[in-house]
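Student: Next up is a structure, given as C-alpha cells.
The values are calculated or read from the model by the stated rules, or taken from the named source; none is laboratory data. It should be emphasised that the depicted structure is a prediction, and the values quoted were computed from it without experimental measurement. Here the Cβ positions follow ideal geometry from the backbone for every residue, glycine too, while neighbour counts run over all protein chains shown.
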Amino acid sequence: MFGVFLAQKLANKPFTIVGDGKQTRDFTFVKDAVRAFLAAAESNVQGEVFNVSSGNTYSINQIIDLLGRQKVVYIPKRPGEPDCTWGDISKIKRALRWQPEVSLEQGVKIMLDNIDYWKKAPVWTSETIEKATRNWFKYLCKKN
C-alpha cells in the first residue's frame, strides 16, 4: 500500500483507497521487523510462532493524512477484505523482550524523506487496480 501511495504522490495523482478508508491495519516498520527476526535468531527459543507488528491500528485515511493529503479516489471494497488487522505482540514481548521502536509517524517520515526510491514504481489508478483485481472479484463473488 505504501508503495502505491508514494508512487501516486510523486506523480501528483490521486491516492486510490480501496473501500472508505476507515478500515484499519497494523503497520510495522521494516527495521522493527528485522529486529524481531534478529531477536528470534539470537535466542534459544525454538518452535514458536510470534506476531511481529506495531501492536496498534491505523486507518487508511490516517495514512493519507500523514502522507500529505491530496485528492483521493475511493474504489469499491474487495470481497473478503477485513475491516481490521491487528497483531497481538504480547507473546514476542514476553519471550524475546522485543517491542517495536519506530512509530507510524516516524516510519512515514522516513519513507517521505526517501520518496525518490519510488520514482520508477508503477503508478496505480482506479482503472489499473480494477483490471489487476478483476479475477479476485470474479472468484470471491462466486456463489457455490
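Student: Which residues, counting only those in region 81-109, are more than 22 Å from I17 (Cα to Cα) and of a type in the set (A, V, I, L, M, F, W, C)?
Tutor: Result: I89, I92, A95, L96, W98, V102.
Student: In region 55-84, which residues are among the polar types (S, T, N, Q) and closer than 12 Å to T28 by Cα?
Tutor: Passing the criteria: N56, T57.
Student: For I129, state whether it is within 17 Å of the chain's Cα centre (by Cα), under 22 Å from F27 (Cα atoms) and part of a helix (DSSP H, G or I).
Tutor: yes
Student: What pairs can you find where one residue is in region 20-47 and in a helix (DSSP H, G or I), the other is of a type outside the set (G, A, S) and surrounded by fewer than 12 Cβ atoms within 10 Å (Cβ to Cβ), and their Cβ atoms are less than 9 Å apart, with a gap of 6+ or different chains?
Tutor: K31/E101; D32/E101; R35/E101; A39/R97; A40/E48
Student: Let me ask something else. For residues that are part of a loop (DSSP other than H, G, I, E, B) and of a type in the set (S, T, Y), scanning just region 60-118, find the one that is nearest to R35 (Cα to Cα).
Tutor: By that ranking, first place goes to S103.
Student: Here are some residues: E81, E130, E101. Which one is modelled with pLDDT under 80, out of contact with any Leu (no Cβ under 6 Å at 6 or more places or on another chain) and surrounded by 10 or more Cβ atoms within 10 Å (Cβ to Cβ)?
Tutor: Step by step, each of E81, E130, E101 is checked, and only E130 is modelled with pLDDT under 80, out of contact with any Leu (no Cβ under 6 Å at 6 or more places or on another chain) and surrounded by 10 or more Cβ atoms within 10 Å (Cβ to Cβ).
The rows are residues; the columns are (1) closer than 22 Å to T133 by Cα; (2) in contact with a strand residue (DSSP E or B) (Cβ under 9 Å, 6 or more places away or on another chain).
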residue	(1), (2)
T16	yes, yes
G21	yes, yes
F27	no, yes
F50	no, no
Y58	no, yes
L66	no, yes
K77	yes, yes
